[in-house]
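The values are calculated or read from the model by the stated rules, or taken from the named source; none is laboratory data. Remember, predicted model here, so these are calculated numbers, not experimental data. Methodologically, a virtual Cβ is constructed for each residue, glycine included, from the backbone with ideal geometry; neighbour enumeration extends over all protein chains shown.
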Amino acid sequence: MQLYDFKEIQERVILVGVQTDIGDDVEASLDELQELAETAGAETAAKVIQNREAVHPGTYIGKGKIQEVKNLLTALDANGIICDDELSPSQLNNLERELECKVMDRTLLILDIFAGRAVTSEGKIQVELAQLRYRSARLVGLRDSLSRLGGGIGTRGPGEKKLETDRRLIRTRISALKAELVQVEKHRELIRGSRSKGRLKTAAIVGYTNAGKSTLLNTLTGAGVQAEDKLFATLDPTTRVMDLDDGQQILLTDTVGFIRKLPHHLVEAFKSTLEEAKYADYIIHVVDASNPRAETQMQVVYETLKELGVSGKKIITLLNKQDLVPDSELRDLRADYTVKCSARTGRGLCELRELLSRLLAESQIYIEELYAYKEAGKIQMIREYGQLLSEEYREDGIFVQAKIPAEFFVNVMPRG
């Protein structure tokens, strides 16, 4: 399987959003859309917001606003627009016909970024599957726009070469990708199973995109994961063992960053990856405390976790990037624990380590037991899965003091 590369072109785009409710923060959403566009290699020429009771069912924006956008395209030498919501096939085709330019939506933009970030085989499968699901319903309109511009946003990944096939071949390709993904998911389940047998607790690092998750993993474990000041710098989950100061260990798993209006196609395609949070024992929610919209981003993360069925977990909220806002304050944090830190400088991470040690200790049982010498193998198990605090070799056996996971208790109890 391969993803087709296309020659990059510099695109100048106009961002378009619709505000249907006075409480909608469309300006903030368009600011984020601009970051996404820049990440995809496009330059934002202008932003246009229309206030409407509802999105126009046929063209997303009204006739007057379409004319305004058309005039801006000419005046600003822009060659496309990006709408802040996912467009229906009819909206996409109608807008392209009216504006005579390339029309994209937020979903296509995010899919395009993911296509450029996919590195592993699993990531590439997930991205291509999401792209083909999205494009299959928009095949005709996309073919027209791609033939006009010949590259740029929306052409990475499967690309125009695959879009020139008919719907039957696309459905066949989707079926093949699903089958590949099933095998990948089985492999991931085996890995999760081996982790659970190892008795190490797992903490999933989640958060809004570009909050500092990969930087945190690198600082705590030396994982060497790519960490950039970009949206969706990393896609593939990475798991590393973290050694705590008291000798305990915990597995940390970095996950895909969340974002508002996360495309349904991506949630479905990346479900096995995103579900790392579902199977973790703890959630470490990394928040960019320097972002003025941090609380809104936090809400997006909570809603995404809920959509994935993640509930009943202890949540550690890390107010990250404190080196940028030393006096940052966030209220109404819906988390069990809160730590202020800077993953980049290491500030506050000692407190995180102590908190993780304390949480692990809460799930352990303290034992004082005398083991016959023939049961010395159980002491080795305690070393591997718990904390051996002391051992004393006596005439009648080995006396130990230790902390062990509660679910492991029955396996180390002396017989009779």
Legend entry - Filter result (surrounded by fewer than 17 Cβ atoms within 10 Å (Cβ to Cβ) and closer than 29 Å to L216 by Cα) within segment 358-384: R358, A361, E362, S363, R383, E384
Inset, instruction - Kindly indicate the residue of segment 8-23 that is surrounded by 14 or more Cβ atoms within 10 Å (Cβ to Cβ) and acidic (D, E) and also modelled with the highest pLDDT among those meeting that condition. - result: E11
Inset, instruction - Answer with yes or no whether A402 is part of a helix (DSSP H, G or I), more than 30 Å from K340 (Cα to Cα) and either free of Cβ contacts under 8 Å to residues at least 40 places away in the same chain or touching a helix residue (DSSP H, G or I) at 6+ places or on another chain (Cβ under 7 Å) (or both). - result: no
Inset, instruction - Mind counting the residues in segment 77-126 that are closer than 21 Å to F258 by Cα and not hydroxyl-bearing (S, T, Y)? - result: 26
Legend entry - segment 347-372 residues that are closer than 13 Å to M242 by Cα, paired with ones that are in a helix (DSSP H, G or I) and not polar (S, T, N, Q) (beta carbon under 9 Å, 6 or more apart): L349/L216; L349/L220; L352/L216; L352/L220; R353/L220
Inset, instruction - Determine whether A78 is assigned to a loop (DSSP other than H, G, I, E, B), crowded, with 21+ Cβ neighbours inside 10 Å and assigned by TED's automatic domain parsing to the domain that holds A115. - result: yes
Legend entry - Test: S311 is more than 20 Å from R353 (Cα to Cα), in a loop (DSSP other than H, G, I, E, B) and either out of contact with any helix residue (DSSP H, G or I) (no Cβ under 9 Å at 6 or more places or on another chain) or in the same structural domain as D24 (by TED's automatic domain parsing) (or both): no
Legend entry - Total residues in segment 7-55, condition part of a strand (DSSP E or B) and charged (D, E, K, R): 4
Inset, instruction - Hey, can you tell me all the residues within segment 56-75 that are part of a loop (DSSP other than H, G, I, E, B), in contact with a strand residue (DSSP E or B) (Cβ under 6 Å, 6 or more places away or on another chain) and within 22 Å of P263 (Cα to Cα)? - result: I61
